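Written out below as structure tokens is the structure these notes cover.
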Amino acid sequence: MAKPRMSSIDGKLAEEFAVPAHVEEVKEKMAAFAGHHVTAGRRVVLITSGGTKVPLESRTVRFLDNFSSGRRGASSAEYFMDSGYAVVFLHRHRSLYPYARMFSNINMLDALKFSGGDGASGNSGEVVVNQQVLPDIARALKRYQEVKEGRLLLPIEFSTLSEYLHLLKAAAQALSAIESKAMFYLAAAVSDFYIPASEMPEHKIQSSNGPLQLSMNMVPKILSPLVKDWAPQAFVISFKLETDPTILLDKARRALDAYRHQAVVANVLDSRRGYVVVVTPETQAELIISDEDVKNDVEIEERIVSNLTSAHNKFITQQGG
Ligand code: 9Z3
């Protein structure tokens, strides 16, 4: 068997980013999950979701974070499962989660009502759900249970940038066996900057030393080995986020040119819930959510997923899969 190619990024990952202890175990789980679902006739999507934490000290008191809520990843996971995909959900610890995301702003104690008994053991009374406080809970719970029974969702958590990088590499290698039936949907907002372990102070940075100046390294462009070495037959989608709309499409095209993957979903921070452009080497599709759509609870992720699952179908056919 040919040995997998080793890129310079592999070396950097091993040297400068702490390897999570459970990475091999998670990799085996992901490979078994992908194999099982492809045998059952499904496709598998790996979704990354949420922001990353970049520590400033090795015994971490402080870290650099970003805005991402994980809503894009969590809602997309639901639409992928509705479209017949099994989902590996590589998400930031405590970011939004499929189905539960709809209730994330609700205090659970306001949604439950206690009646009878005094709450003491042996006389614990009854707890009833107030469905007015949790609109749509019955539908969400039913779908969540179906998904659980069908084992369609494999949740994997990360917190730090190092965990994200190593787990994404493991996922790519695990899913490479299912070739073109794997999709990578890289919606996580990943830090571009980090402090290498060798340059990080061990203990809490002291404010008594005066103002803090940080110098950070560039995070390796992980998309490059993912597309070239780790999962070369997969269907790969990256996301491009900007705050300046005038540079967005140019940046998306440059990413496609550089990494040679299948599509970039381009979005601007403030309008990301209502407008994205799906850019491929040959096409450019604007997806828009109108006021009417908002009234009808239509979400942009439904359109993104519909666009990409069709493109994935064509891709699989072209690859002879
Ligand atoms: C995205 O652009 C996602 O759409 C969002 C979703 C993070 C904006 P939320 O989690 O937001 O629903 O609150 N993700 C990718 C962002 C990113 O960091 N991309 C990198 C870049 O633009 C390259 S992969 O340079």
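The values are calculated or read from the model by the stated rules, or taken from the named source; none is laboratory data. Predicted model, so just to flag it, every value in this text is computed and none were measured. All Cβ positions, even for glycine, are placed from backbone atoms using ideal geometry, and neighbour counts span all protein chains on display. Accessible surface areas use protein heavy atoms only, side chains included; no ligands, DNA or RNA. Shrake-Rupley method; radii C 1.70, N 1.55, O 1.52, S 1.80 Å.
Of note:
- Within region 150-165, being in contact with a helix residue (DSSP H, G or I) (Cβ under 9 Å, 6 or more places away or on another chain) and open to solvent by less than 20 Å² (accessible area, probe 1.4 Å) holds for I156, F158, L165.
- Listed by position, the helices (runs of 4 or more DSSP H) enclosed by region 1-90 that each have at least 3 residues that are closer than 19 Å to Q233 by Cα are 23-39.
- The condition (being within 30 Å of S8 (Cα to Cα), charged (D, E, K, R) and in a loop (DSSP other than H, G, I, E, B)) is satisfied by just one residue among K240, K221, K228: K221.
- V61 modelled with pLDDT of 95 or more and open to solvent by less than 30 Å² (accessible area, probe 1.4 Å): no
Residues checked against (1) touching a Gly at 6+ places or on another chain (Cβ under 9 Å); (2) within 14 Å of the ligand (Cβ to nearest atom); (3) among the hydroxyl-bearing types (S, T, Y); (4) modelled with pLDDT of 95 or more:
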residue	(1), (2), (3), (4)
G73	yes, yes, no, yes
S76	no, yes, yes, yes
A86	yes, no, no, yes
R101	yes, yes, no, yes
G116	yes, no, no, no
E126	yes, no, no, no
D136	no, no, no, no
K142	no, no, no, yes
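- Condition met for F67 (surrounded by fewer than 14 Cβ atoms within 10 Å (Cβ to Cβ) and either of a type in the set (D, E) or in contact with a strand residue (DSSP E or B) (Cβ under 8 Å, 6 or more places away or on another chain) (or both)): yes
- A single entry from R254, R273 fulfils the requirement of being over 30 Å from E57 (Cα atoms), open to solvent by 60 Å² or more (accessible area, probe 1.4 Å) and either in a helix (DSSP H, G or I) or touching a Pro at 6+ places or on another chain (Cβ under 9 Å) (or both): R254.
- Whichever residue in region 180-233 is basic (K, R) and either over 25 Å from S306 (Cα atoms) or without any contact (Cβ under 8 Å) to a residue 24 or more places away in the chain (or both) and, among such residues, is nearest to the ligand (Cβ to nearest atom): K221
- Scanning region 181-205 for residues that are of a type outside the set (A, V, I, L, M, F, W, C), within 20 Å of the chain's Cα centre (by Cα) and open to solvent by 10 Å² or more (accessible area, probe 1.4 Å) yields K181, S191, D192.
- Of the residues in region 90-103, at least one is among the hydrophobic types (A, V, I, L, M, F, W, C) and touching a residue at least 60 places away in the same chain (Cβ under 8 Å).
- Where a residue in region 246-272 is closer than 17 Å to R303 by Cβ and its partner, wherever it lies, is assigned to a loop (DSSP other than H, G, I, E, B) and more than 10 Å from the ligand (Cβ to nearest atom), with Cβ under 6 Å and at least six apart: A263/T280
- Filtered residues of region 257-270 (kept if of a type outside the set (S, T, N, Q), more than 11 Å from the ligand (Cβ to nearest atom) and assigned to a loop (DSSP other than H, G, I, E, B)): R260
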